[in-house]
Amino acid sequence: MKKLYLVCAAAAAIAALSLAGCANRNTGGVHHGDTAEGSYQGIESTESIYGMAAVTTAELLFEAQSGAESASLAEGENVAAVSASGSADAVAKAQEQAEEFNKYFNMLDSFLDRGATTTVVEDNTSSDAALKDYAFKLTVRGKDAAGESVAHTMYYSETKGEPKHTSIRDDDETTTIDVVTYTLNGVIEMGKTEAEEPIYYFMTGTRTETTTTETEGREEETEYASELKLRASATAGDTQNYVSLSHTQTSEQEAGEAETEAVYIYEIVKNGVKTESTQVSFETETEHGEEETEYTVRFLTGASRGAYTVERETENGRTEIAVSYAIDGATGTFVIVKDAGGGYRYKFSSNPDDDLIFPDFDD
């Protein structure tokens, strides 16, 4: 459980999530439209996106405000010593930015194994005064780098707006566009105080779904697009200190083939000023019946500049996280393993002196 002093340090803003339901539903696949009660596998359904968006945004702000530092490599140490060659320069750049990157790795770690991510939505029966007015309870569960289960809980409501339908006919081709917007509000539970009182963070947002269908003769092509915008803060209604998330997901279906792309953009705002903007995109490939997932982190603003592609690899029964990076023209790779002390060890080379150790803020 996160300690109180870390929670208090996250006073800037943290995320939450919301949705609402209709009929009972159990599914292992993608679900669009009104949010429904049930169990969802992976991170493609509306319900799973809500859960992942809330958790990652909350943890990003929590980590960013905690001021966590590496357990080794004091400022300037080793960096100068390894900068004698081009490859050493690349290692030095990666070391310099490792702490910034670690915030994003830490918040996304439990979602890298998409198949292990489960989201459960159920009717909210809580009598707690802070929770009872929300329609649903959502629990999202994933696995961290060590394969251990990690769970988070949200409470939320969702209000559906009036659907809009447009039909356009041009010669033999007909295009129909259906748009519906949902208004969201809710809270996410982010640990407890020393007195075992739960700590909640607040969110508001909108989700817009657009379905475009083009029909020509017997051929039909459908494109689905979803956009989720969240603004979350440690204090309800705070417009000066918050974290915002913009998530877009598009999928196309034609002749039995489907392609999906998901992008998350996180922005940190302190005292009314945007201090950081980062993009995370997910890609999934299936080969020989096995699904492989990787994500790419790109720093758009802030002190760091770079792009990191992250994959989970298993060799000789040991799980490692492989990271490829490109920073100001310098490229290279490093691996992340769970340290015996519970943190993450970043291994940049065969030289142990180049290693960095960062805490796992879920511990």
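The values are calculated or read from the model by the stated rules, or taken from the named source; none is laboratory data. Because the structure is predicted, anything quoted here is derived from the model rather than measured. Methodologically, a virtual Cβ is constructed for each residue, glycine included, from the backbone with ideal geometry; neighbour enumeration extends over all protein chains shown. When the accessible area is computed, the model is the full protein with side chains, heavy atoms only, and any ligands, DNA or RNA have been set aside. Shrake-Rupley method; radii C 1.70, N 1.55, O 1.52, S 1.80 Å.
Annotations
- Within region 174-210, considering residues that are part of a loop (DSSP other than H, G, I, E, B) and touching a residue at least 60 places away in the same chain (Cβ under 8 Å), the one most open to solvent (accessible area, probe 1.4 Å): 194
- Every test in (1) surrounded by 14 or more Cβ atoms within 10 Å (Cβ to Cβ); (2) at pLDDT below 85 is passed by residue 171 save one, and that test is (1).
- Of all residues in region 321-330, those being modelled with pLDDT under 85 and either on the phi > 0 side of the Ramachandran plot or open to solvent by 50 Å² or more (accessible area, probe 1.4 Å) (or both) number 2.
- Contact map, region 103-130: first residue under 23 Å from residue 200 (Cβ atoms) and part of a helix (DSSP H, G or I), second residue among the hydroxyl-bearing types (Ser, Thr, Tyr) and open to solvent by 10 Å² or more (accessible area, probe 1.4 Å), Cβ cut-off under 9 Å, separation 6 or more or different chains; pairs are 110/149; 111/293.
- Among residues of region 146-168 being assigned to a loop (DSSP other than H, G, I, E, B) and more than 30 Å from residue 345 (Cα to Cα), the one that is least open to solvent (accessible area, probe 1.4 Å) is 161.
- Among the candidates 358, 348, the residue that is modelled with pLDDT of 80 or more, surrounded by 17 or more Cβ atoms within 10 Å (Cβ to Cβ) and farther than 26 Å from residue 57 by Cβ is uniquely 348.
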